[in-house]
Structures are given as C-alpha cells and as structure tokens.
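Report on the structure given below.
The values are calculated or read from the model by the stated rules, or taken from the named source; none is laboratory data. Treat the numbers as computed from the prediction; the structure is a model and nothing was measured. Because the Cβ atoms are built from the backbone with ideal geometry, glycine has one as well, and the counts that use them run over all protein chains shown.
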Amino acid sequence: MSSIDYAAWVAVRSIGEAVTRSQTIDVPTLKAFLLSDAFSLAGFKGAKLSYRSWNGQLRQPIPLVHAEAVVAQAPLEGFLHRVTELDTLGLDEPESTCQVFK
C-alpha cells in the first residue's frame, strides 16, 4: 500500500466510522465529531488515530526507516504532551498559524 492508498483508506474509514458512531450523515455534525475528543480510529499503527481540532491534521505514529528495517517509531519515548503523545510531532496549536478550522 502506498502513502496515497493509505491516505485514501484512512479518509474513507474515518467517514464510515463517524457515520456509524454518530448515527448521522449530516456533514457539519460529522465534521464536529471527527474533530472531537470522542473520535478515534484504529489505524493499525499501534496507537488510536485522531484528528487535531485546530488544524485537521491526522495524528499518527511515523515509522523511521532505512532500506532494510524500521529503526524506531515516532513519537519517541520520553517526549510528553498535555493532550496526546502524537502531538509531539509537528507544530502544536500555539505555534500554528492555521485559521481554517477556527
């Protein structure tokens, strides 16, 4: 599966999970649910995946690899965050200039 395939799979799975759990097909309600703390997705990367409510990015572990093996999986142990360890990757809410989700 390529990264584009995985992104498409996560998108479709997220919508399906949101419709199933919220019991609605109302788009604003689904968007609010997807961005809420109540939503999580089994993304098969060891951690429940979720979306950042302040910029819509998918929170997910990132494998660090070389040609023959996985070396580590970020976030690395010891990096703590007040919300989720997956927010230790990338810009955090106070540092973001994203205004689309506000």
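Quick notes on this one:
- Residues that are aromatic (Phe, Trp, Tyr) and assigned to a loop (DSSP other than H, G, I, E, B) were ranked within the stretch 48-102; the one that is farthest from Asp37 (Cα to Cα) is Phe79.
- The residue that is modelled with the lowest pLDDT, counting only those in the stretch 33-47 that are under 23 Å from Ser3 (Cβ atoms) and in a loop (DSSP other than H, G, I, E, B), is Lys45.
- Note on the stretch 91-102: residues that are surrounded by 12 or more Cβ atoms within 10 Å (Cβ to Cβ) and either farther than 21 Å from Lys31 by Cα or among the aromatic types (Phe, Trp, Tyr) (or both) total 2.
- In the stretch 75-88, the residues that are out of contact with any Ser or Thr (no Cβ under 6 Å at 6 or more places or on another chain) and over 14 Å from Gly46 (Cβ atoms): Gly78, Leu80, Arg82, Val83, Asp87, Thr88
- Matching residues in the stretch 21-32 - criterion: being in a helix (DSSP H, G or I) and either touching a residue at least 40 places away in the same chain (Cβ under 8 Å) or more than 16 Å from Ser50 (Cβ to Cβ) (or both): Val27, Pro28, Thr29
- Comparison of Thr88, Thr20 shows that the only residue that is in contact with a Leu (Cβ under 8 Å, 6 or more places away or on another chain) and either at pLDDT 80 or above or surrounded by 14 or more Cβ atoms within 10 Å (Cβ to Cβ) (or both) is Thr88.
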